[in-house]
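In what follows, a structure is listed as structure tokens, so that the remarks can point back to it.
Please treat every number below as a calculation from the coordinates, not as lab data. Treat the numbers as computed from the prediction; the structure is a model and nothing was measured. Every residue, glycine among them, receives a Cβ derived from its backbone with ideal geometry; neighbour counts consider all protein chains shown.
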Amino acid sequence: MLNQPITLTQYLIEERRRFPLASGSFNSVVLAVALACKALSRKVAYGVLAGLHGQAGSVNVQGESQYKLDVLANEQFLQGLQWGGNVRGMLSEEMEDPWLAKDTDVAAGDYLLAFDPLDGSSNIDVNLSVGSIFSVLRAPEGGRSIRVEDFLQPGARQVAAGYALYGPSTMFVLTVGRGTHGFTLNPELGEFLLTHPDLRVPEESQEFAINASNSRFWEPPIRRYVEECLAGRNGVREKDFNMRWIASMVADAHRILTRGGVFMYPRDTKDPAQSGRLRLLYECNPIGLLIEQAGGRASSGEAPILQIAPSGPHQRIGFVFGSKQEVERIERYHRERVDEVEPDTPLFNRRGLFRSMG
């Protein structure tokens, strides 16, 4: 008889046994996040029948239009985590200020949660994959009230990170610091089952993901890397590459975790006031930890993403992650700081697809 996959709960219990002094509150936090993701999975699966398609008519702290499911997903996380008393603060993409436990409850929780409740929400209306991203941090000791500054911890200090992917099947991908593991939701049982233990990112790849519509704003190192990929076997890389872009970082990250590749959302000159487009605390850090626990590499393009000290709760940054050799090449190109030269390929040259005639 074939062994049945273990559940997420069983997995967390086994991990806890490795640390005899650990309390059960950590497991409670992760399971509460998983429960919120199960509820969101059902809403997403109903599609337009749930009446949740379209924009909500509001904007978030970054000035981005919120979709109805953005608002619902944020409330689902808040409601699911507040009642248990195991988190003392929650930081979300959809809230300008974090939720902080009341002074009377400050001793109840040992953890902080930072999350993007619905990544890729613009894909909802066209029925493409979306997801949720989360990061678990330790709350300060001593039982004092939580401040915004307590969330500003480098990604290397995360105690857990993960995402849920709402696609053809719902998956919950998690690291607690001992590898990256994928759980698939069995809708009949209502349980996440371990189906992808010890995910590994191949060191080499022939796929890259980037939003090519921003090519005119790219810095020279990114332009150089993409040009070399586009040149294929006739260029310096001597192999052909495929380009992928889903407009949902969770979906791109999942593809890279399962078959390799490199994802780039680099710093560019489109908005000189910003150091990037993605948020460090609740997008880049959790995905970065998952990728590195799976043998890949995560970077700002210039420095390891998990070593960067955050400067604010909604800080943006350039983000590159995936197959180790590809990310290291991009980092090397940033160190070399080559002067930009006019590319030879028709995709990006002066009369090419992405440049104006002149």
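Descriptive notes on the structure:
- Distance (nanometres) between label positions extended 7 Å along Cα→Cβ at Asp271 and Arg147: 2.8 nm
- Backbone HN-Hα couplings from phi across the range 26-38 [Karplus 6.51/-1.76/1.60, Hz, Gly and Pro as x]: 4, 4, 5, 5, 4, 5, 5, 4, 4, 5, 4, 5, 4
- Qualifying trypsin sites (Lys or Arg not before Pro) in the range 259-343, DSSP loop, other Cβ atoms within 10 Å at most 11: Lys270, Arg337
- Annotation for the range 126-161: trypsin sites (Lys or Arg not before Pro) lying in DSSP loop with at most 15 further Cβ atoms inside 10 Å of their Cβ are Arg144, Arg147.
- Relative contact order computed over the range 8-196 (Cα-Cα under 8 Å; 6+ residues apart), in percent: 16 percent
- Count of Lys pairs (Cα-Cα under 30 Å; at least 8 positions apart or interchain) in the chain: 7
- Max mean-square fluctuation residue, GNM over the chain, Cα-Cα springs under 10 Å, options Ala273, Ala101, Ala298: Ala273
- Long-range amide H partners of Ala139 with built H, under 5 Å: Tyr111, Leu112
- Given +1 at the Cβ of Lys and Arg, -1 at the Cβ of Asp and Glu and no other charges, the dipole of the range 207-336 around its Cα centre is 120 debye to the nearest 20.
- Extended-chain gain in nm, criterion 0.36 nm per residue less alpha-carbon gap, Glu14 and Ala309: 103.0 nm
- Build a GNM of the chain with springs between Cα atoms under 10 Å apart, and of Val130, Val29, Val148 the one that fluctuates most is Val148.
- The simple Förster model, with R0 at 41 Å and r as the Cβ-Cβ distance, assigns Glu204 and Ser65 a FRET efficiency of 0.60.
- Derived scalar couplings ³J(HN,Hα) [the range 247-254; Karplus, 6.51 cos²θ - 1.76 cosθ + 1.60; whole Hz; x for Gly, Pro]: 6, 9, 4, 4, 5, 5, 5, 5
- Taken over the range 207-336, the ratio of Cα radius of gyration to 2.2 N^0.38 Å equals 0.98.
- Computed about its Cα centre, the charge dipole of the chain is approximately 320 debye, with only Lys, Arg, Asp and Glu carrying charge at their Cβ.
- Amide H within-cut-off set for Gln66, under 5 Å, with H built and near neighbours excluded: Ala56, Gly57, Ser58, Val59, Asn60
- Extension gain, Arg233 to Arg178: 0.36 nm times the residue separation minus the Cα-Cα distance gives 16.0 nm.
- For Arg267, the residues whose modelled amide H falls within less than 5 Å of its own, excluding neighbours fewer than 5 places apart on the same chain, are Gly318, Phe319.
- Estimated FRET transfer efficiency (Gln79, His196; beta-carbon r; R0 25 Å; 0.05): 0.30
- Working note: Cα gyration tensor of the range 8-196, eigenvalues times five, square-rooted, sorted largest first, giving semi-axes of 27, 22, 13 Å.
- Using θ = phi - 60° in the Karplus curve 6.51 cos²θ - 1.76 cosθ + 1.60, the 3J(HN,Hα) couplings for the range 8-19 round to 4, 4, 4, 4, 5, 5, 4, 5, 5, 4, 6, 10 Hz; x is entered for Gly and Pro.
- FRET efficiency, 1/(1 + (r/R0)^6) with R0 51 Å, evaluated for Arg332 and Ser25 via beta carbons: 0.75
- With contacts taken as Cα pairs under 8 Å and at least 6 residues apart, the range 207-336 reaches a relative contact order of 27 percent.
- Top positive-direction residue, dipole computed over the chain with Cβ charges, set Val30, Pro117, Gln55: Val30
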